[in-house]
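Undergrad: Mind having a look at this structure? Questions to follow.
The values are calculated or read from the model by the stated rules, or taken from the named source; none is laboratory data. If you're wondering where the values come from, they're calculated on a predicted model, not measured in any experiment. In this analysis, Cβ positions are derived from the backbone assuming ideal geometry, glycine residues included, and neighbour counts consider all displayed protein chains. Just the protein is used for accessible areas: all its heavy atoms, side chains included, with ligands, DNA and RNA removed. Shrake-Rupley method; radii C 1.70, N 1.55, O 1.52, S 1.80 Å.
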Amino acid sequence: MSFLASGRGRLLRELSGRRAPRPQRQGVHAAFFRRYSAHHLSLDGVEDAAEQAVEPPPPSSVSLAKSLASLAEESAEAVQRRRKPLTRMERKRLAELRIKKRVKAQYLNGMFYDLMGKVVASAETLEDAYDIVRLNSNVDLASAKDDACFVTLAEQLRSGEFDVRANAFSVVAKRRGEGCLVLPRLNLKVVQEAIRVVLEVVYRPQFSKISHGCRSGRGYHSALRFISDEIGVPDWCFTVPFHKEVDINVNSKLIYLIQEKIEDTQLVAFMQKMFDAKVINLVFGGYPKGHGLPQEGVLAPILMNIYLDSFDHEVFRICLKHEGLGSEAKNVSEDHGSNLRRWFRSQLKGKDENSEDQTDCQTKIKLYACRYMDEIFVAVSGSRDVAEDMKSEIVAYLRRSLYLEVDDRLRLMPVKRNMQGLQFCGVFVRVETKENAKLKAVHKLKEKIRLFASQKQEIWEAMNLRVGKKWLAYGLRRIKESEIKPLRLSTPLLDHIAKFRKEGMKTDHWFKTLLKIWMQDVNAKNELNEDVLLSKYIAEPALAQDLRDAFYNFQKQAKDYISSETAATEALLSNLRREESISTYTDGGIIKIHAPLSYIQKCLHRYGLINLEGFPRHVSALVLQDDELIVSWFAGIIHRWIRWFSEVDNFKELQLMFVECVRKSCIRTLSAKYRMYEKLTEKRFELDDHGIPMVEDFEATIKPLESNYSFASTDEALMYGISSSGLFVLTLSRVRVPTRQFNCFVMGCQSASPSMYVLHVKEKQHFPGWRTGFSSLIHGSLDGRRIGLCTQHVKDLYLGHISLQSVDFGSLVR
């Protein structure tokens with residue numbers, strides 16, 4: 001071994017001395033290669049020196065173990081340098097994980113003990129909760145902080161000296177009947193965040209799969225996917241509308257449910273103080289949830305899920321009761337249930353399990369339920385009597401056990417015969433038949449013919465309009481050049497017209513009088529616009545009669561083909577429809593999710609983006625703002641709609657609305673500001689770079705936006721109130737800068753506020769009919785309220801990076 005080692009050492013030295021030097025490798029692997037080669041040669045040199053009395057290596061050489069250890073440290077540092085910085089939602093998750101460890105340390109024998117004294121009333125927990133508040137406000141954690149002492153705040157919480165009412169702010173409405181809104185100040189907001197994280201750690205693992213509201217891995221989109229992909233096509237469906245403000249019964253029930261898992265009188269007493277101070281704004285069915293509106297409160301989602309979790313378990317009990325004992329429904333899906341459930345049914349009926357499988361395919365009852373916050377969707381596969389029994393049991397439990405006021409107008413809706421669909425979470429849920437390939441080809445041919453005919457119609461109208469405009473320009477030019485009499489044209493018509501001209505009447509006045517008489521003669525006021533007038537009464541009568549007859553004959557034949565089929569096509573379609581009816585009876589079609597485009601268009605009209613006819617217009621409330629803020633306001637609409645309506649099946653139609661309404665309204669707002677043409681405005685402002693694309697560039701522009709959404713940024717448990725914040729029920733108008741200097745009203749921000757802004761509430765409905773991408777309700781007490789914002793947070797507010805929950809409305813009275 002020593003001979004081989006010494007020979008290997010000499011060979012390596014000779015090779016290292018003869019060959020040309022290699023270029024240095026880059027990165028961690030190159031460093032490892034250099035260090036390993038050097039120390040490998042040094043070890044061989046030591047062995048060679050022992051054999052042949054060669055001079056040993058210098059004592060400065062380091063052992064291979066220490067070198068590898070230092071190399072590992074250098075590798076970790078290099079990986080740390082290459083790692084991307086954490087997003088604010090990832091930082092928020094880390095802060096919640098630190099609190100989660102403290103909560104789990106208080107778990108013993110199925111209960112959590114002393115969470116208020118050991119976890120919430122801890123300086124470390126309060127500091128983590130303060131970081132969560134700042135992250136929700138999109139404030140850099142390395143920036144200046146508020147002068148809040150968390151040690152003193154923790155002592156006040158432990159001793160019970162913390163005054164809830166003194167740390168809250170009441171916003172009184174200017175008009176009567178709009179009520180009062182109580183909002184938390186910074187210290188109370190921090191405590192509420194800490195309690196929210198504690199309650200989520202305790203209760204989130206026990207929530208059922210029915211619940212989809214504000215949970216990790218579940219949310220609005222998971223609820224829609226469950227309805228469209230997993231339910232199939234049931235026979236009956238209904239939603240459960242109810243409304244209830246927190247009273248003594250609801251309050252007592254909620255406290256009882258909390259005490260089932262938490263044994264902490266101090267925490268229960270503190271929550272009771274918040275209920276008494278009305279700083280927990282918890283209303284069932286009163287307004288849309290998850291939009292970041294101030295009246296929602298940070299504790300609203302977790303308390304609502306805790307309260308309605310017993311309803312989720314009741315649905316499971318009703319499901320087992322009817323599915324285990326009943327056998328009256330048609331099978332509308334391929335899922336035949338579990339083996340245990342089939343065995344249970346066979347034992348109850350005294351039949352063999354195999355024979356039960358044969359009859360179970362034809363007789364089966366299924367119950368599906370989906371709950372997003374306080375919206376409940378229920379679907380039943382079975383007879384009407386079974387569905388009515390299930391509905392009655394659900395309504396009875398909500399009224400008797402949970403003290404909720406269910407609407408008496410609740411009715412069952414047949415799925416296959418209800419073409420309009422059912423409203424749930426701001427979308428339409430309806431059943432559509434699967435279109436046959438042959439029928440789709442026929443419809444495609446008809447669409448091509450209709451498109452070809454419409455293109456020819458547009459060309460015909462454009463050419464006639466061009467001829468009419470040339471005629472009008474020619475007439476104006478000739479009359480400007482000379483009078484009618486000096487033209488030396490003597491015709492009966494000119495002589496008749498000249499009689500009506502008064503002496504001394506100027507040419508312009510005379511020509512306007514003639515046009516007025518002609519417009520009255522053709523009844524021009526009934527036409528749509530002047531283009532139709534010139535095309536219909538000037539250009540077309542001058543064309544050859546054969547040309548006009550040929551064009552209108554072509555349009556008539558195309559219209560007849562589109563509206564009715566030939567005999568062969570009718571026979572084909574009848575066969576296809578017969579096949580579709582059979583497949584619809586067996587397969588039930590497919591469930592589609594559609595966005596309410598007509599309602600969204602009405603909202604856009606109320607918010608000032610379009611006029612009564614549906615054409616885009618400029619938003620006057622934004623004209624005086626900076627260009628970046630104007631573009632951010634419109635870009636925020638599109639970003640919210642992409643996140644909210646990404647799962648709907650009519651998303652293509654929504655894309656057209658993005659371009660036709662939002663993009664053009666943005667262009668016209670900027671054009672009105674600078675008094676320039678729209679084409680020049682579109683060239684000057686690169687709207688595609690801000691996420692306001694055209695139709696053909698829509699996917700290419702939106703993909704980078706979707707790629708920026710990490711997994712943490714799409715988690716509703718972290719993004720509650722931010723991802724779909726309802727900003728576009730209001731706009732901000734800048735007012736005169738006050739003599740007193742204010743900091744930004746956003747919690748955790750220490751930047752100066754250069755201007756004051758006034759909130760203009762666009763809609764103040766108490767019971768909105770829809771939940772769209774932007775909310776349709778905001779508390780009336782905030783209308784006309786002044787707030788101070790820095791430039792960055794005005795932009796964040798428009799883009800939806802923060803919500804109104806991050807604004808401290810009590811900063812103005814300090």
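Undergrad: Across region 445-469, which residue is least open to solvent (accessible area, probe 1.4 Å) among those that are basic (K, R) and over 44 Å from the mean Cα position of the chain (by Cα)?
TA: That would be K469.
Undergrad: I need every pair where a residue in region 597-624 that is on the phi > 0 side of the Ramachandran plot and outside the structural domain of S665 (by the TED database) has its Cβ under 7 Å from the Cβ of a residue that is open to solvent by 30 Å² or more (accessible area, probe 1.4 Å) and of a type in the set (A, V, I, L, M, F, W, C), sequence separation at least 6 or different chains.
TA: Every condition considered, no pair remains.
Undergrad: Further question on the same structure: For region 163-205, how many residues are touching a residue at least 40 places away in the same chain (Cβ under 8 Å) and on the phi > 0 side of the Ramachandran plot?
TA: The qualifying residues number 1.
Undergrad: List the pairs whose first member sits in region 248-270 and is of a type in the set (S, T, N, Q), whose second member is not in a helix (DSSP H, G or I), and whose Cβ atoms are under 8 Å apart, counting only residues at least 6 apart or on separate chains?
TA: Partner pairs satisfying both residue conditions: N249/Y403; Q266/D114; Q266/G160.
Undergrad: Let me ask you something else. R786 versus (1) modelled with pLDDT of 75 or more; (2) surrounded by 15 or more Cβ atoms within 10 Å (Cβ to Cβ): which is the lone unmet condition?
TA: Just one mismatch for R786, condition (2).
Undergrad: Kindly indicate which of L153, L181, L108 is under 28 Å from R91 (Cβ atoms) and either of a type in the set (A, V, I, L, M, F, W, C) or not assigned by the TED database to the domain that holds S646 (or both).
TA: L153
Let's see how each residue does on (1) part of a loop (DSSP other than H, G, I, E, B); (2) open to solvent by less than 10 Å² (accessible area, probe 1.4 Å); (3) closer than 19 Å to H313 by Cβ:
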site: E193; (1), (2), (3): no, yes, no
site: E200; (1), (2), (3): no, no, yes
site: Y203; (1), (2), (3): no, yes, yes
site: K209; (1), (2), (3): yes, no, yes
site: G213; (1), (2), (3): yes, yes, yes
site: H221; (1), (2), (3): no, no, no
site: L224; (1), (2), (3): no, yes, no
site: D229; (1), (2), (3): no, no, no
site: G232; (1), (2), (3): yes, no, no
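Undergrad: A further question follows. Quick one: A105 ticks every box in (1) closer than 22 Å to M274 by Cβ; (2) at pLDDT 90 or above; (3) surrounded by fewer than 22 Cβ atoms within 10 Å (Cβ to Cβ); (4) among the hydrophobic types (A, V, I, L, M, F, W, C) except a single one, so which number is it?
TA: For A105, the exception is condition (1).
Undergrad: Are any of the residues in region 609-622 open to solvent by 10 Å² or more (accessible area, probe 1.4 Å), among the charged types (D, E, K, R) and at pLDDT 85 or above?
TA: yes
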